[in-house]
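What follows draws every value from the coordinates through simple rules; no lab data is involved. Predicted model only: the values in this text are computed from it and were never measured. Neighbour counts run over all protein chains shown; Cβ positions are idealised from the backbone, glycine included.
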Amino acid sequence: MARLGDTELDALATAEPSVRRRRRWPWVVVGVVVLALVAAAGVALVYLFSLNQTYTDNVTMLDESESFPDVSVRPDPVDEAHAEARNILLLGSDIRGDVGDDLDDIRGQRSDTIMVVHIPADNEGVQVMSIMRDNWVPIPGHGEAKINAALSYGGVPLTVQTIEDIIDVRIDHVAIVDFEGFAGLTDALGGVEVNNAVPFTRSGVTYPEGHITLDGESALGFVRERYSFVDGDYQRVRNQQAYLRGLIRGVLSRDTLTDPGKISDMVGAISPYLTVDSGLDGPTIVDLGLRLRDLRTEDIDFFTSPTLGTGTSADGQSIVRPDWDALAQVAEAFRSDTVDEYAADAQ
């Protein structure tokens, strides 16, 4: 197994500030892991209380108006048979440092990474749908634009509304994660192993093909790079998904599950950099964790919202063209709580 050397890591650490500022980070990937962390601790109620306290003391909560659009523009609730399913929107925004200190500036930022996590009513697995940031979609009140512009135009509520219009179900919770917390979580885990399908070099760091171990700093290049690939953002999304698989695999490993200190370190590392809607409080996280206490890596399916490739907008922007016919099937899968079937067919 290859591990990035000190020289290569130094190349990232000592990069010019102007270069580092241009690197947007898909902080969102750790949101799913918060659920897995609590699931891992689900065997000990006293320990759950301790994790709950750490989480509650450190996260930043958004109120209802900062998280969701007005109910009048939201999809109708799903039928009672699927009411227990949950959909969590995970966003990475181009905000640096502690997200909680920058909430007033969230308008004007663009979400670099967008994922929707679906927890089915029967709790049999989890499905994670990546949405490529350059999808050219209608943004309510603003015409067509890249989907990641919704955060800039109208903050989290408009982003939620835009995505709800596509998947035709309500988003139940929102989480925004900042890179510094992500790096801390990764390092607290002791690194993340990924199977790198396409070798590349970024900022002097070489990522060879095969199994490699990344720390928080070197993972930045792995999940951010797109220019090295023939299909650009498509491979970047696959790398993000590969990284998330590795991250969750590490969280759910025996070494982690049997080390309460490591679990506590990870919750402590991520929670100060996590911004969530007020409904995603400690008790809710614990409840979700207990629902997912039997979760294993193989129970998590990843797929990308369907597209028809790239193109150019009327005003000359490079865009990704959504496959609206296939997205209608995605919406039906969300409404009928059969996202697992769609994800299996999408592999």
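By the compact-protein rule of thumb, 2.2 N^0.38 Å, the alpha-carbon radius of gyration of the stretch 153-305 corresponds to a ratio of 1.13. Along the stretch 218-227 the Karplus relation, 6.51 cos²θ - 1.76 cosθ + 1.60 evaluated at θ = phi - 60°, assigns HN-Hα couplings of 6, 5, 3, x, 4, 8, 9, 5, 9, 6 Hz to successive residues, with x for each Gly and Pro.
All distinct Cα pairs of the stretch 243-332 go into the 1/r average, and the inverse of that average, the Kirkwood radius, is 17.0 Å. When each of the peptides 209-218, 77-86, 143-152 is scored by how many other beta carbons lie within 10 Å of its residues on average, the order from highest to lowest is 143-152, 209-218, 77-86. Taken about its Cα centre, the stretch 193-273 carries a charge dipole of roughly 180 debye when the Cβ of each Lys and Arg holds +1 and the Cβ of each Asp and Glu holds -1.
The coefficient of translational diffusion for the stretch 190-277, derived via Stokes-Einstein from the alpha carbon Kirkwood radius under 4 °C and 1.567 mPa s, stands at 91 µm²/s.
Among the trypsin sites (Lys or Arg not before Pro) found in the stretch 249-347, those both in a DSSP coil and sparsely packed, with 16 or fewer other Cβ atoms within 10 Å of their Cβ, are 293, 296.
Cα centroids of the stretch 318-346 and the stretch 224-255: 21 Å apart.
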